[in-house]
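The values are calculated or read from the model by the stated rules, or taken from the named source; none is laboratory data. Computed from a predicted model, the values in this text were never measured in an experiment. Note that each Cβ is placed from the backbone with ideal geometry, even for glycine, and that neighbours are counted across all protein chains shown.
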Amino acid sequence: MRTKHPTDELTALVDGALPADRAAEVLRHVEACAACRIERDRLASAVAALRRLPPAPEPSPLFATRLAARLARLAPDERPRPARGFRLGAWGDLSSLRWKLAVPAAAAVLAAGIVVSAVRLHRAEEKAVAENLDLLLDYEAVSSLGDVNSADDAAVVALLDEIAPGEGTP
Amino acid sequence: MAPDADAALMLAFQQGDEGAFRKLFERHARAMVGFCHHFVRDAARAEELAQDVFVNLYRASGHYRPSARFKTFLYRIASNHCLNELRRGEYAARAAEGRAGAEPADPDGLVSPAPTPEASAEGAALERAVGALLARLPEKQRAALVLCRLEGLSYEEIADVLETSVSAVKSLVHRATVTAAAVLAPFMPSALPKEVLP
(Lines give C-alpha, C1' and ligand atoms only; values in the text may rest on other atoms or scores of the structure.)
Protein backbone atom coordinates (compact mmCIF):
# COMPACT_ATOMS: atom_id res chain seq x y z
CA MET A 1 0.00 0.00 0.00
CA ARG A 2 1.28 3.43 -0.88
CA THR A 3 1.72 5.86 2.04
CA LYS A 4 0.13 9.29 1.71
CA HIS A 5 2.49 12.04 2.84
CA PRO A 6 0.74 14.47 5.26
CA THR A 7 2.44 17.44 3.55
CA ASP A 8 -0.52 19.81 4.00
CA GLU A 9 -0.48 19.25 7.76
CA LEU A 10 3.20 19.86 8.40
CA THR A 11 2.79 23.60 9.08
CA ALA A 12 0.00 22.89 11.57
CA LEU A 13 2.30 20.29 13.16
CA VAL A 14 5.06 22.91 13.49
CA ASP A 15 2.52 25.35 14.99
CA GLY A 16 1.16 22.75 17.42
CA ALA A 17 -2.27 23.31 15.89
CA LEU A 18 -3.27 19.70 15.18
CA PRO A 19 -5.56 17.75 17.49
CA ALA A 20 -3.44 15.53 19.77
CA ASP A 21 -4.36 12.20 18.13
CA ARG A 22 -3.75 13.52 14.60
CA ALA A 23 -0.49 15.20 15.68
CA ALA A 24 0.74 11.85 17.02
CA GLU A 25 -0.09 10.12 13.68
CA VAL A 26 1.63 12.82 11.60
CA LEU A 27 4.63 12.80 13.89
CA ARG A 28 4.94 9.02 13.58
CA HIS A 29 4.96 9.40 9.80
CA VAL A 30 7.51 12.24 9.91
CA GLU A 31 9.86 10.21 12.07
CA ALA A 32 9.78 7.39 9.51
CA CYS A 33 9.83 9.55 6.33
CA ALA A 34 12.99 11.50 5.48
CA ALA A 35 11.27 13.67 2.83
CA CYS A 36 8.56 14.82 5.26
CA ARG A 37 11.16 15.37 7.99
CA ILE A 38 13.14 17.63 5.66
CA GLU A 39 10.01 19.55 4.66
CA ARG A 40 8.94 19.92 8.32
CA ASP A 41 12.38 21.32 9.19
CA ARG A 42 12.28 23.68 6.19
CA LEU A 43 8.89 25.07 7.28
CA ALA A 44 10.08 25.38 10.89
CA SER A 45 13.13 27.34 9.67
CA ALA A 46 10.87 29.72 7.72
CA VAL A 47 8.78 30.28 10.85
CA ALA A 48 11.98 30.96 12.84
CA ALA A 49 13.21 33.42 10.17
CA LEU A 50 9.92 35.35 10.35
CA ARG A 51 10.31 35.59 14.14
CA ARG A 52 13.63 37.41 13.61
CA LEU A 53 11.92 40.22 11.67
CA PRO A 54 12.70 43.60 13.31
CA PRO A 55 9.69 45.21 15.03
CA ALA A 56 7.48 47.57 13.00
CA PRO A 57 8.17 51.31 13.43
CA GLU A 58 6.78 53.12 16.48
CA PRO A 59 3.82 55.46 15.91
CA SER A 60 4.89 59.10 15.56
CA PRO A 61 4.38 61.46 18.55
CA LEU A 62 1.47 63.18 16.74
CA PHE A 63 -0.39 59.94 16.07
CA ALA A 64 -2.74 60.32 19.06
CA THR A 65 -3.30 64.05 18.41
CA ARG A 66 -4.26 63.43 14.79
CA LEU A 67 -6.67 60.67 15.79
CA ALA A 68 -8.29 62.92 18.42
CA ALA A 69 -8.70 65.60 15.76
CA ARG A 70 -10.33 63.15 13.34
CA LEU A 71 -12.71 61.88 16.00
CA ALA A 72 -13.64 65.45 16.89
CA ARG A 73 -14.49 66.11 13.22
CA LEU A 74 -17.00 63.23 13.07
CA ALA A 75 -20.56 64.28 12.37
CA PRO A 76 -23.04 63.72 15.24
CA ASP A 77 -24.71 60.82 13.40
CA GLU A 78 -21.29 59.10 13.05
CA ARG A 79 -20.76 59.13 16.80
CA PRO A 80 -21.75 56.11 18.86
CA ARG A 81 -24.80 56.64 21.03
CA PRO A 82 -24.60 55.41 24.62
CA ALA A 83 -26.89 52.40 25.19
CA ARG A 84 -29.90 53.51 27.21
CA GLY A 85 -32.53 50.80 26.67
CA PHE A 86 -31.81 49.01 29.91
CA ARG A 87 -32.38 52.19 31.88
CA LEU A 88 -35.88 52.70 30.50
CA GLY A 89 -36.76 49.12 31.41
CA ALA A 90 -35.38 49.60 34.89
CA TRP A 91 -37.58 52.67 35.45
CA GLY A 92 -40.68 50.64 34.53
CA ASP A 93 -39.80 47.81 36.91
CA LEU A 94 -39.05 50.14 39.77
CA SER A 95 -42.27 52.20 39.61
CA SER A 96 -43.14 51.39 43.26
CA LEU A 97 -39.86 52.88 44.35
CA ARG A 98 -40.27 56.02 42.26
CA TRP A 99 -40.68 58.44 45.17
CA LYS A 100 -37.91 56.87 47.23
CA LEU A 101 -35.62 57.37 44.25
CA ALA A 102 -36.82 60.83 43.31
CA VAL A 103 -34.30 62.79 45.38
CA PRO A 104 -31.18 60.80 44.39
CA ALA A 105 -32.43 60.81 40.79
CA ALA A 106 -32.74 64.59 40.81
CA ALA A 107 -29.20 64.82 42.19
CA ALA A 108 -28.00 62.44 39.48
CA VAL A 109 -29.69 64.54 36.77
CA LEU A 110 -28.01 67.67 38.14
CA ALA A 111 -24.62 65.91 38.18
CA ALA A 112 -25.22 64.60 34.65
CA GLY A 113 -25.97 68.17 33.53
CA ILE A 114 -22.64 69.31 34.90
CA VAL A 115 -20.87 66.40 33.18
CA VAL A 116 -22.62 67.14 29.86
CA SER A 117 -21.53 70.79 30.10
CA ALA A 118 -17.95 69.70 30.79
CA VAL A 119 -18.05 67.25 27.88
CA ARG A 120 -19.46 69.96 25.58
CA LEU A 121 -16.65 72.30 26.62
CA HIS A 122 -14.13 69.51 25.98
CA ARG A 123 -15.75 68.77 22.60
CA ALA A 124 -15.55 72.47 21.71
CA GLU A 125 -11.82 72.38 22.50
CA GLU A 126 -11.37 69.20 20.43
CA LYS A 127 -13.30 70.78 17.55
CA ALA A 128 -11.09 73.87 17.70
CA VAL A 129 -7.97 71.66 17.61
CA ALA A 130 -9.41 69.73 14.66
CA GLU A 131 -10.28 72.86 12.71
CA ASN A 132 -6.85 74.36 13.31
CA LEU A 133 -4.75 71.20 13.15
CA ASP A 134 -2.68 72.40 10.18
CA LEU A 135 -1.91 75.67 11.94
CA LEU A 136 -1.02 73.77 15.11
CA LEU A 137 1.33 71.46 13.21
CA ASP A 138 2.95 74.43 11.39
CA TYR A 139 3.44 76.16 14.75
CA GLU A 140 4.94 73.03 16.31
CA ALA A 141 7.31 72.55 13.37
CA VAL A 142 8.51 76.17 13.35
CA SER A 143 8.71 76.55 17.14
CA SER A 144 10.81 73.36 17.34
CA LEU A 145 13.46 75.34 15.40
CA GLY A 146 13.37 78.07 18.09
CA ASP A 147 12.18 80.67 15.60
CA VAL A 148 8.90 81.74 17.25
CA ASN A 149 9.78 84.45 19.77
CA SER A 150 6.94 86.94 19.56
CA ALA A 151 3.28 87.41 18.68
CA ASP A 152 4.38 88.72 15.26
CA ASP A 153 6.29 85.46 14.61
CA ALA A 154 3.17 83.46 15.52
CA ALA A 155 1.12 85.60 13.10
CA VAL A 156 3.58 84.77 10.31
CA VAL A 157 3.18 81.04 11.06
CA ALA A 158 -0.59 81.47 10.70
CA LEU A 159 -0.03 82.81 7.16
CA LEU A 160 2.46 80.10 6.11
CA ASP A 161 -0.04 78.29 3.92
CA GLU A 162 -0.91 81.50 2.07
CA ILE A 163 2.66 82.37 1.12
CA ALA A 164 3.40 81.50 -2.52
CA PRO A 165 6.52 79.43 -3.29
CA GLY A 166 9.52 81.74 -3.55
CA GLU A 167 7.68 84.67 -1.94
CA GLY A 168 9.66 86.34 0.85
CA THR A 169 13.05 85.29 -0.45
CA PRO A 170 15.49 88.09 -1.33
CA MET B 1 -18.94 40.04 33.62
CA ALA B 2 -16.73 41.11 30.72
CA PRO B 3 -14.45 38.29 29.51
CA ASP B 4 -11.32 40.47 29.34
CA ALA B 5 -10.11 43.94 30.27
CA ASP B 6 -10.46 45.24 26.70
CA ALA B 7 -14.04 43.99 26.50
CA ALA B 8 -14.81 45.79 29.77
CA LEU B 9 -13.37 49.01 28.34
CA MET B 10 -15.40 48.56 25.16
CA LEU B 11 -18.58 48.07 27.18
CA ALA B 12 -17.76 51.19 29.22
CA PHE B 13 -17.31 53.10 25.96
CA GLN B 14 -20.65 51.80 24.71
CA GLN B 15 -22.16 53.39 27.83
CA GLY B 16 -20.61 56.73 26.88
CA ASP B 17 -17.24 56.63 28.68
CA GLU B 18 -14.87 58.28 26.18
CA GLY B 19 -11.94 57.73 28.56
CA ALA B 20 -12.38 53.98 28.03
CA PHE B 21 -11.88 54.48 24.29
CA ARG B 22 -8.69 56.42 24.96
CA LYS B 23 -7.41 53.52 27.10
CA LEU B 24 -8.20 51.06 24.31
CA PHE B 25 -6.30 53.29 21.91
CA GLU B 26 -3.30 53.45 24.25
CA ARG B 27 -3.27 49.66 24.64
CA HIS B 28 -3.52 48.84 20.94
CA ALA B 29 -2.18 51.82 18.94
CA ARG B 30 1.32 50.44 18.49
CA ALA B 31 0.10 46.97 17.54
CA MET B 32 -2.31 48.42 14.97
CA VAL B 33 0.35 50.59 13.34
CA GLY B 34 2.59 47.51 13.15
CA PHE B 35 -0.19 45.38 11.73
CA CYS B 36 -1.02 47.94 9.02
CA HIS B 37 2.69 48.34 8.27
CA HIS B 38 2.87 44.64 7.32
CA PHE B 39 0.33 45.35 4.58
CA VAL B 40 1.63 48.60 3.08
CA ARG B 41 5.34 48.64 4.12
CA ASP B 42 5.20 52.41 4.53
CA ALA B 43 5.34 54.04 7.99
CA ALA B 44 3.27 57.14 7.19
CA ARG B 45 0.57 55.20 5.32
CA ALA B 46 0.50 52.57 8.08
CA GLU B 47 -0.30 55.32 10.59
CA GLU B 48 -3.10 56.65 8.39
CA LEU B 49 -4.56 53.16 8.07
CA ALA B 50 -4.26 52.56 11.82
CA GLN B 51 -6.08 55.84 12.42
CA ASP B 52 -8.82 54.70 10.06
CA VAL B 53 -9.05 51.49 12.08
CA PHE B 54 -9.62 53.41 15.33
CA VAL B 55 -12.12 55.75 13.68
CA ASN B 56 -13.98 52.69 12.37
CA LEU B 57 -13.79 51.09 15.81
CA TYR B 58 -15.21 54.28 17.34
CA ARG B 59 -18.08 54.35 14.87
CA ALA B 60 -18.75 50.60 14.99
CA SER B 61 -18.56 50.28 18.77
CA GLY B 62 -22.31 49.77 18.98
CA HIS B 63 -21.95 46.50 17.05
CA TYR B 64 -19.54 45.00 19.56
CA ARG B 65 -20.92 42.22 21.74
CA PRO B 66 -18.92 40.96 24.73
CA SER B 67 -19.34 37.38 23.46
CA ALA B 68 -16.69 38.24 20.84
CA ARG B 69 -13.12 38.73 22.05
CA PHE B 70 -12.17 42.37 21.63
CA LYS B 71 -8.84 41.43 20.06
CA THR B 72 -10.49 39.51 17.22
CA PHE B 73 -13.09 42.28 16.80
CA LEU B 74 -10.32 44.87 16.41
CA TYR B 75 -8.22 42.70 14.08
CA ARG B 76 -11.31 42.00 11.96
CA ILE B 77 -11.85 45.73 11.46
CA ALA B 78 -8.13 46.18 10.72
CA SER B 79 -7.88 43.20 8.33
CA ASN B 80 -10.94 44.26 6.36
CA HIS B 81 -9.62 47.79 6.11
CA CYS B 82 -6.11 46.76 5.03
CA LEU B 83 -7.43 44.23 2.50
CA ASN B 84 -9.81 46.86 1.09
CA GLU B 85 -6.85 49.21 0.82
CA LEU B 86 -4.95 46.61 -1.21
CA ARG B 87 -8.02 45.94 -3.39
CA ARG B 88 -8.34 49.63 -4.19
CA GLY B 89 -5.15 49.18 -6.18
CA GLU B 90 -3.17 51.99 -4.67
CA TYR B 91 -0.41 49.51 -3.94
CA ALA B 92 -0.81 47.43 -7.10
CA ALA B 93 2.38 48.81 -8.59
CA ARG B 94 4.33 48.11 -5.41
CA ALA B 95 2.88 44.59 -5.19
CA ALA B 96 3.82 43.93 -8.83
CA GLU B 97 7.30 45.16 -8.04
CA GLY B 98 7.43 42.74 -5.11
CA ARG B 99 6.24 39.84 -7.30
CA ALA B 100 8.81 40.64 -9.97
CA GLY B 101 11.59 40.45 -7.42
CA ALA B 102 10.21 37.48 -5.52
CA GLU B 103 13.15 35.15 -6.08
CA PRO B 104 14.95 34.22 -2.87
CA ALA B 105 16.69 37.38 -1.73
CA ASP B 106 20.43 37.54 -1.28
CA PRO B 107 21.11 38.99 2.19
CA ASP B 108 24.47 40.34 1.05
CA GLY B 109 22.89 42.08 -1.91
CA LEU B 110 20.21 43.84 0.14
CA VAL B 111 22.39 45.78 2.52
CA SER B 112 21.29 49.43 2.78
CA PRO B 113 23.63 52.01 1.19
CA ALA B 114 24.78 53.52 4.49
CA PRO B 115 27.28 51.38 6.39
CA THR B 116 25.47 49.68 9.29
CA PRO B 117 26.40 47.01 11.84
CA GLU B 118 26.05 43.48 10.47
CA ALA B 119 23.05 42.59 12.59
CA SER B 120 20.98 45.59 11.56
CA ALA B 121 21.97 45.07 7.91
CA GLU B 122 20.67 41.52 8.08
CA GLY B 123 17.51 42.79 9.79
CA ALA B 124 16.98 45.30 6.98
CA ALA B 125 17.58 42.60 4.36
CA LEU B 126 15.13 40.28 6.08
CA GLU B 127 12.58 43.09 6.24
CA ARG B 128 12.86 43.66 2.50
CA ALA B 129 12.60 39.95 1.78
CA VAL B 130 9.46 39.71 3.96
CA GLY B 131 8.06 42.76 2.13
CA ALA B 132 8.61 40.94 -1.19
CA LEU B 133 7.05 37.79 0.28
CA LEU B 134 3.91 39.60 1.49
CA ALA B 135 3.52 41.45 -1.80
CA ARG B 136 3.66 38.11 -3.62
CA LEU B 137 1.00 36.37 -1.52
CA PRO B 138 -2.72 36.39 -2.41
CA GLU B 139 -4.54 38.70 0.01
CA LYS B 140 -6.15 36.04 2.23
CA GLN B 141 -2.84 34.20 2.59
CA ARG B 142 -1.13 37.48 3.38
CA ALA B 143 -3.67 38.29 6.10
CA ALA B 144 -3.42 34.77 7.55
CA LEU B 145 0.41 34.85 7.54
CA VAL B 146 0.56 38.29 9.17
CA LEU B 147 -2.00 37.36 11.83
CA CYS B 148 -0.32 34.01 12.56
CA ARG B 149 3.40 34.68 12.23
CA LEU B 150 3.72 38.39 12.98
CA GLU B 151 0.79 39.04 15.34
CA GLY B 152 0.79 35.69 17.14
CA LEU B 153 -2.92 34.85 16.79
CA SER B 154 -4.04 31.22 17.05
CA TYR B 155 -5.72 29.44 14.11
CA GLU B 156 -9.07 29.76 15.91
CA GLU B 157 -8.60 33.51 16.42
CA ILE B 158 -7.59 33.96 12.77
CA ALA B 159 -10.69 32.02 11.66
CA ASP B 160 -12.75 34.43 13.76
CA VAL B 161 -10.98 37.50 12.33
CA LEU B 162 -11.20 36.35 8.69
CA GLU B 163 -14.71 34.94 9.21
CA THR B 164 -13.78 31.53 7.86
CA SER B 165 -13.26 27.98 9.16
CA VAL B 166 -10.24 26.73 11.10
CA SER B 167 -9.49 24.20 8.34
CA ALA B 168 -9.45 27.03 5.77
CA VAL B 169 -7.02 28.94 8.01
CA LYS B 170 -4.84 25.83 8.29
CA SER B 171 -4.65 25.69 4.51
CA LEU B 172 -4.02 29.46 4.10
CA VAL B 173 -1.25 29.48 6.72
CA HIS B 174 0.35 26.35 5.27
CA ARG B 175 0.45 27.67 1.68
CA ALA B 176 1.78 31.04 2.87
CA THR B 177 4.47 29.31 4.97
CA VAL B 178 5.54 27.15 2.01
CA THR B 179 6.00 30.35 -0.04
CA ALA B 180 7.84 31.94 2.90
CA ALA B 181 10.23 28.98 3.02
CA ALA B 182 11.09 29.54 -0.67
CA VAL B 183 11.45 33.33 -0.48
CA LEU B 184 13.31 33.38 2.85
CA ALA B 185 15.64 30.46 2.04
CA PRO B 186 18.79 32.64 2.31
CA PHE B 187 17.79 33.54 5.88
CA MET B 188 17.29 29.95 6.97
CA PRO B 189 20.09 27.85 8.48
CA SER B 190 19.94 25.08 5.88
CA ALA B 191 18.31 25.42 2.46
CA LEU B 192 17.73 21.98 1.03
CA PRO B 193 17.06 20.94 -2.58
CA LYS B 194 13.36 20.73 -3.44
CA GLU B 195 13.81 17.45 -5.40
CA VAL B 196 13.74 15.44 -2.16
CA LEU B 197 10.26 16.69 -1.19
CA PRO B 198 7.30 14.36 -1.44
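Some points to look at:
- Criterion violated by A:R37 - all others in (1) closer than 30 Å to B:L134 by Cβ; (2) assigned to a loop (DSSP other than H, G, I, E, B) satisfied: (2)
- Only residues that are of a type in the set (S, T, N, Q) and free of Cβ contacts under 8 Å to residues at least 40 places away in the same chain were counted across segment A:29-72, and they come to 2.
Per-residue answers, yes or no, for (1) away from chain A (no Cβ under 11 Å); (2) modelled with pLDDT under 95; (3) within 30 Å of A:A34 (Cβ to Cβ); (4) buried (at least 21 other Cβ atoms within 10 Å of the Cβ):
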{"residue": "B:A114", "(1), (2), (3), (4)": "yes, yes, no, no"}
{"residue": "B:S120", "(1), (2), (3), (4)": "no, yes, no, no"}
{"residue": "B:L126", "(1), (2), (3), (4)": "no, yes, yes, yes"}
{"residue": "B:V146", "(1), (2), (3), (4)": "no, no, no, yes"}
{"residue": "B:I158", "(1), (2), (3), (4)": "no, no, no, yes"}
{"residue": "B:T164", "(1), (2), (3), (4)": "yes, no, no, no"}
{"residue": "B:A176", "(1), (2), (3), (4)": "no, no, yes, yes"}
{"residue": "B:A191", "(1), (2), (3), (4)": "no, yes, yes, no"}
{"residue": "B:V196", "(1), (2), (3), (4)": "no, yes, yes, no"}
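- For A:H29: the one exception among (1) of a type outside the set (S, T, Y); (2) more than 30 Å from B:C36 (Cα to Cα); (3) at the interface with chain B (Cβ under 10 Å from one of its Cβ atoms); (4) not in a loop (DSSP other than H, G, I, E, B): (3)
- Test for B:R45: is it of a type in the set (K, R) and on the phi > 0 side of the Ramachandran plot: no
- Neighbours by Cβ (under 9 Å, 6+ apart or cross-chain): first from segment A:1-23, outside any loop (DSSP other than H, G, I, E, B); second at pLDDT 95 or above and polar (S, T, N, Q): A:D8/B:S171; A:L10/B:T177; A:T11/B:T177; A:V14/B:T177
- Leading residue by the ranking (modelled with the highest pLDDT) among those in segment A:45-54 that are surrounded by fewer than 17 Cβ atoms within 10 Å (Cβ to Cβ) and at the interface with chain B (Cβ under 7 Å from one of its Cβ atoms): A:R52
- Given (1) crowded, with 18+ Cβ neighbours inside 10 Å; (2) facing another protein chain (nearest Cβ under 7 Å), number of the condition A:A35 does not satisfy: (1)
- Among the residues of segment A:55-77, those that are closer than 24 Å to B:G62 by Cα, surrounded by 14 or more Cβ atoms within 10 Å (Cβ to Cβ) and of a type in the set (A, V, I, L, M) comprise A:A64, A:L67, A:A68, A:A69, A:L71, A:A72, A:L74.
The rows are residues; the columns are (1) more than 7 Å from chain B (Cβ to nearest Cβ); (2) at pLDDT 85 or above; (3) within 30 Å of B:G152 (Cα to Cα).
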position	(1), (2), (3)
A:P61	yes, yes, yes
A:T65	yes, yes, yes
A:R73	yes, yes, no
A:D77	yes, no, no
A:W91	yes, no, no
A:S96	yes, no, no
A:L101	yes, no, no
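- Pairs where the first residue, in segment B:168-180, is touching a residue at least 24 places away in the same chain (Cβ under 8 Å) and among the basic types (K, R) and the second is buried (at least 19 other Cβ atoms within 10 Å of the Cβ) and in a helix (DSSP H, G or I), C-beta under 7 Å, 6+ apart: B:R175/B:Q141
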